[in-house]
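Read through the structure below, which is laid out as structure tokens, and then see the notes.
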Amino acid sequence: MTAKTEEKAPKTEKHGFQAEVSRLLHMMVHSVYSDREIFLRELISNASDACDKIRYESQTDKSLLEEEPDFSISIRADKANRTLTVSDNGIGMNRDDLMSHLGTIARSGTSAFMEQLSGDKKKDMNLIGQFGVGFYSVFMVADKVTVLSRRAGEDQGWSWISDGLGEYEIAEADKKGRGTEITLHLKEDAEEFLEQHRLQNIIKTYSDHIAIPISLVTETDGEEASEKVNEGTALWVRPKSDITEDQYKEFYHHVAHAMDDPWMTLHYRAEGVIEYTVLMFVPGQQPMDLFDPARRPRTKLYVKRVFITDDCEDLVPGYLRFMRGIVDSEDLPLNISREMLQNNPVMNKIRKAVTNKILSELEKKADKEPEAYAEFWKNFGPVLKEGIYEDFERRDQLLKLARFDSTGVDGLTSLADYVSRMKEGQETIYYITGDSPEQVCRSPQLEGFKAKELEVLLLSDPVDDFWLQMVPEFDGKKLQSVTRGSADLDDADKESDDTEEKKNTPEIDALVGALKANLGEAVKDVRPSRRLTDSAVCLVADEGDMDMHLQKILQAHNKLDMMAARVLEINPNHELIRAMADIAKGDNSVDRLKDASRLLLDQALIMEGEAPSDPVAFAKRLAGVMTRGLS
């Protein structure tokens, strides 16, 4: 009998958590975070999502809801055993789901999230909420968690057990009906979460908007009592006048799996040929997956209050992927598939109208609250600028929304404001691209423009080099890189009468010839510069060539085999150039300037953030020059 019993005993698998999860769990177990109650919000939110998912799948498989057609979420407090159980009859999980959802961080951007962890408990908790790994917050209040789940359409149930200290166990288990039951064995200092009034307050505060009934089951004198706690209607169908700011915030926390507050709320109903409701938010902080290469929008699609998908690329364009919220259509069929959503005429009209509405609201913010808009731009400007490159229809509108660092003002400026400050006779909007505002500010190519008090836009987002190829002008003014072509600063500054810089002496002409002879094909040309005032030398792209920073980006992504040869510009007024020019007018000048010519080019490369073409040869030449200078 014993042997037979052992054969029937379910096999228990032990697994270690993914390394990233272990770090999160350590934070949870040892957390002193004051708002521990958010664990319940996360569990209810997950339960609601599970119900939404099976409701969608049941559109094509009616049998999934035969056992329990009505959805529910139940919370049971057991003071005698000090346990709190949250259960739902949603989609449920099988073994693989438990491994994926609870054993690993099953979302992109994991490495970026881990890099953001600072050690500051409150900041890190905010990151956890942003990243959407809220399930692990249960270990703030529990020293053991048991999950019992059965996936809809399957007969086998599964259990998942962990104390949050590094391992978890999975085993087959008996469970009646589909769904998930999560039991928290509460810590001694978390008994407050067994009190009826405390649980009621948390549910009303954080989850009142959940469109599935949430029941609180309590026991008094051996008698069980169950009461519905939440309002239970979709927040977006209520009149705006009936919704408080706090309710909007909590819905944002739910739909975005975030803990920050929204920067902007957009709630409206469109009526006419096509009817739909929109409740969307601009986050207050960057979501952790903002720069994920997939560029997936995170807006949820509903049809007549029924969840369809949270992976719909047709609701908003990729450059608005930071938006969080829902769109609820009255015109799409309930059984529409993700494949059918593509190129659907109703979806196309909704996408167009919603996109226009979002951009219109951003314009209002930019005009009425420029300081607040500057914060928005800091978070989402690099993403919004992707639209300038890819959305021809709205390019002019997006250009008006764009903000830039500049040499002319503190803070950010718009293109329209730049044009309003242009000097008399100036017909060009000047810009420079680079890896950071600090780096481009120090670029030698800016020197002449600063001396002439000509404003230059400082562009440091990778997307800048791409959208600039699509925008040759703004408001009739040509956009020109200060690192490409000749810098005709005198034409840009009609008030200047400085002709000294225009003169090329025979010595400078001789030096140009010697540099060309020594550098050969390493440079496209050598010429005196009108853009340099302090530096001896710089590199620029020729007029018809690709911008230098764009070449670097393409080469870094293996889209360009090699950099095109660039123009070396020298400053005729710099003492180093003058000294070299004195040598150039003498005999055997090409040989005498051989090492100095290479060092001059290497100096220009280093100022561009590049390594010398031959670091060993550079070191030898530099050592030789230093030796002669010190002897």
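Can you tell me which residue is surrounded by the fewest Cβ atoms within 10 Å (Cβ to Cβ) among those in region 370-385 that are among the charged types (D, E, K, R) and farther than 13 Å from Tyr319 by Cα? Walk me through it before giving the result.
Looking only at region 370-385, we keep the residues that are among the charged types (D, E, K, R), and these are 371, 375, 378, 385.
Okay, now just the ones that are also farther than 13 Å from Tyr319 by Cα, so 371, 375, 378.
On the way: Glu371: 8, Glu375: 12, Lys378: 12.
The selected residue is Glu371.
Looking at Arg41, Arg36, can you tell me which residue is modelled with pLDDT under 90, surrounded by 14 or more Cβ atoms within 10 Å (Cβ to Cβ) and assigned to a loop (DSSP other than H, G, I, E, B)?
Result: Arg36 is the single residue among Arg41, Arg36 that is modelled with pLDDT under 90, surrounded by 14 or more Cβ atoms within 10 Å (Cβ to Cβ) and assigned to a loop (DSSP other than H, G, I, E, B).
Looking only at residues that are modelled with pLDDT of 95 or more and in a loop (DSSP other than H, G, I, E, B) in region 257-274, which one is least open to solvent (accessible area, probe 1.4 Å)?
Pro262
Conditions tested, residue by residue: (1) open to solvent by 30 Å² or more (accessible area, probe 1.4 Å); (2) closer than 30 Å to Leu550 by Cα; (3) without any contact (Cβ under 8 Å) to a residue 60 or more places away in the chain; (4) in contact with a Leu (Cβ under 9 Å, 6 or more places away or on another chain).
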site: Ser589; (1), (2), (3), (4): no, no, no, yes
site: Leu593; (1), (2), (3), (4): no, no, no, yes
site: Ala596; (1), (2), (3), (4): yes, yes, yes, yes
site: Asp602; (1), (2), (3), (4): no, yes, yes, yes
site: Glu608; (1), (2), (3), (4): no, yes, no, yes
site: Asp614; (1), (2), (3), (4): yes, yes, yes, no
site: Phe618; (1), (2), (3), (4): yes, yes, yes, yes
site: Gly624; (1), (2), (3), (4): no, no, yes, no
site: Thr627; (1), (2), (3), (4): yes, no, yes, no
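For Asp292, work out the one condition from (1) open to solvent by 30 Å² or more (accessible area, probe 1.4 Å); (2) within 16 Å of Tyr252 (Cβ to Cβ); (3) under 15 Å from the mean Cα position of the chain (by Cα); (4) not hydroxyl-bearing (Ser, Thr, Tyr) it doesn't fulfil.
Of (1) open to solvent by 30 Å² or more (accessible area, probe 1.4 Å); (2) within 16 Å of Tyr252 (Cβ to Cβ); (3) under 15 Å from the mean Cα position of the chain (by Cα); (4) not hydroxyl-bearing (Ser, Thr, Tyr), only one is false for Asp292: (2).
So for region 184-200 (the condition being under 19 Å from His101 (Cβ atoms) and in contact with a helix residue (DSSP H, G or I) (Cβ under 7 Å, 6 or more places away or on another chain)), does at least one residue qualify?
If we filter region 184-200 for residues that are under 19 Å from His101 (Cβ atoms), which is where we start, we get 184.
Right, trim to in contact with a helix residue (DSSP H, G or I) (Cβ under 7 Å, 6 or more places away or on another chain) and you get 184.
Yes, region 184-200 has at least one match.
Condition check ((1) touching a Leu at 6+ places or on another chain (Cβ under 6 Å); (2) of a type in the set (A, V, I, L, M, F, W, C); (3) at pLDDT 95 or above) across all residues:
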site: Lys364; (1), (2), (3): no, no, yes
site: Ala374; (1), (2), (3): yes, yes, yes
site: Lys378; (1), (2), (3): no, no, yes
site: Pro382; (1), (2), (3): no, no, yes
site: Arg394; (1), (2), (3): no, no, yes
site: Ala402; (1), (2), (3): no, yes, yes
site: Gly411; (1), (2), (3): no, no, no
site: Asp417; (1), (2), (3): no, no, yes
site: Glu427; (1), (2), (3): no, no, no
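Could you count how many residues in region 203-247 are buried (at least 19 other Cβ atoms within 10 Å of the Cβ), under 30 Å from the mean Cα position of the chain (by Cα) and not small (Gly, Ala, Ser)?
The number of residues fulfilling the criteria is 5.
Collect the residues in region 414-435 that are surrounded by 16 or more Cβ atoms within 10 Å (Cβ to Cβ) and part of a loop (DSSP other than H, G, I, E, B), keeping them in residue-number order.
Ser414, Met422, Gln426, Gly434
Tell me the helices (runs of 4 or more DSSP H) entirely within region 327-399 that contain at least 2 residues that are under 28 Å from Asp465 (Cβ atoms) and in contact (Cβ under 8 Å) with a residue 24 or more places away in the chain. Give the derivation first.
Details: elements: 338-341, 345-368, 370-384, 386-390.
Because the criterion is at least 2 residues that are under 28 Å from Asp465 (Cβ atoms) and in contact (Cβ under 8 Å) with a residue 24 or more places away in the chain, the helices (runs of 4 or more DSSP H) in region 327-399 that meet it are 345-368, 370-384, 386-390.
Mind telling me which of the residues Leu84, Leu64, Leu98 ends up being open to solvent by less than 30 Å² (accessible area, probe 1.4 Å) and within 13 Å of Phe193 (Cα to Cα)?
On the way: Leu64 fails: within 13 Å of Phe193 (Cα to Cα); Leu98 fails: within 13 Å of Phe193 (Cα to Cα).
Criteria check complete, one pass: Leu84.
Can you pull out the residues in region 308-324 that are open to solvent by less than 10 Å² (accessible area, probe 1.4 Å) and assigned to a strand (DSSP E or B)?
Across region 308-324, the qualifying residues are Ile308, Thr309.
Tell me, which residue of region 134-178 that is of a type in the set (A, V, I, L, M) and more than 16 Å from Arg95 (Cα to Cα) is surrounded by the fewest Cβ atoms within 10 Å (Cβ to Cβ)? Spell out the reasoning first.
Here is the first cut: in region 134-178, the ones of a type in the set (A, V, I, L, M) are 138, 140-142, 145, 147-148, 152, 161, 165, 170-171, 173.
Subsequent filtering for residues that are more than 16 Å from Arg95 (Cα to Cα) retains 138, 140-142, 145, 165.
Numbers: Val138: 24, Met140: 22, Val141: 23, Ala142: 26, Val145: 21, Leu165: 14.
So, considering only residues that are of a type in the set (A, V, I, L, M) and more than 16 Å from Arg95 (Cα to Cα), the one surrounded by the fewest Cβ atoms within 10 Å (Cβ to Cβ) is Leu165.
The values are calculated or read from the model by the stated rules, or taken from the named source; none is laboratory data. The shown structure was predicted, so the numbers you read here are calculated from the model rather than taken from an experiment. Positions of Cβ are generated from backbone atoms using ideal geometry, with glycine treated the same way; all protein chains shown enter the neighbour counts. These accessible areas exclude ligands, DNA and RNA; they are computed on the full protein's heavy atoms, side chains included. Shrake-Rupley method; radii C 1.70, N 1.55, O 1.52, S 1.80 Å.
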